[in-house]
Amino acid sequence: MRDLRPAGWVIRTYRDRPSLQPDQLYLEAIGRPVWEPEHRAAGLRQISSKTRRLVLERDGHACRRCGHAAGEAYADDPSAHVRLTVGHVNPHRSGSAAEAEDLITECARCNETVKHLTGVQMTKEQVWDRVTELRRRDKQELLDWMKADGRAMSQMERVWAMYRQLPAVLREDLKRDLDSLLGS
């Protein structure tokens, strides 16, 4: 599946479509015929399952660009749910490898946006202007994130990311259990 998606194939899982079972897939769109030599994705790096798992766990099962966790609905489009991908920090044409340090967890939306960036990317000065508008405490927290090259997640955010990894049926069970525990 991972090799078909870059070729334009749209394959949904239970994380994208809650009506699917964990072992079901939904083919939404057929992409280029990858079985024909001229359409093979030459040079695609294979990312091992172990490396993919390591990157997702390292990044807290959340997009490092926008912060959304797997399965969450996007605020601007509640019908669309976050599907996480593992993207390359530098594009393949720049020589990026398929090693964990060259990979980053991204939602499909951010991954596509980064692939197609044009001149609208913010400049250092534009970002700096926004940094200077922050309160001193927030500037310090931002600097800490920059130094760590990541945002530390709270215990609740880590549990939320774990919860979002569960199949829809188990998420419903867990929600009922917590609701019962709190007596709501």
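When residues in the range 142-184 are screened for being among the small types (Gly, Ala, Ser), farther than 14 Å from GLY71 by Cβ and part of a helix (DSSP H, G or I), 2 of them pass.
Just a yes or no: is a residue in the range 44-59 in a strand (DSSP E or B), over 24 Å from ARG158 (Cα atoms) and either modelled with pLDDT under 80 or in contact with a Lys or Arg (Cβ under 6 Å, 6 or more places away or on another chain) (or both)? No, every residue in the range 44-59 fails to be in a strand (DSSP E or B), over 24 Å from ARG158 (Cα atoms) and either modelled with pLDDT under 80 or in contact with a Lys or Arg (Cβ under 6 Å, 6 or more places away or on another chain) (or both).
Results for (1) surrounded by 12 or more Cβ atoms within 10 Å (Cβ to Cβ); (2) basic (Lys, Arg); (3) out of contact with any strand residue (DSSP E or B) (no Cβ under 6 Å at 6 or more places or on another chain), shown as yes or no for each residue.
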| position | (1), (2), (3) |
| --- | --- |
| ARG137 | no, yes, yes |
| LEU142 | yes, no, yes |
| GLY150 | yes, no, yes |
| GLU157 | yes, no, yes |
| LEU181 | no, no, yes |
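The set of residues from the range 20-43 being at pLDDT below 80 and either exposed (fewer than 10 other Cβ atoms within 10 Å of the Cβ) or assigned to a strand (DSSP E or B) (or both) comprises ASP23, TRP35, GLU36, PRO37, GLU38, ALA42, GLY43. Taken together, the criteria place ARG65 among residues that are part of a loop (DSSP other than H, G, I, E, B) and modelled with pLDDT of 80 or more.
Looking for something in the same structural domain as LYS50 (by TED's automatic domain parsing) and modelled with pLDDT of 85 or more - is there at least one such residue anywhere in the range 111-120? For the range 111-120, residues in the same structural domain as LYS50 (by TED's automatic domain parsing) and modelled with pLDDT of 85 or more: absent.
The values are calculated or read from the model by the stated rules, or taken from the named source; none is laboratory data. These numbers were taken from a predicted model, which means no experiment stands behind them. No Cβ is skipped: glycine too gets one built from the backbone with ideal geometry, and neighbour counts run over all protein chains shown.
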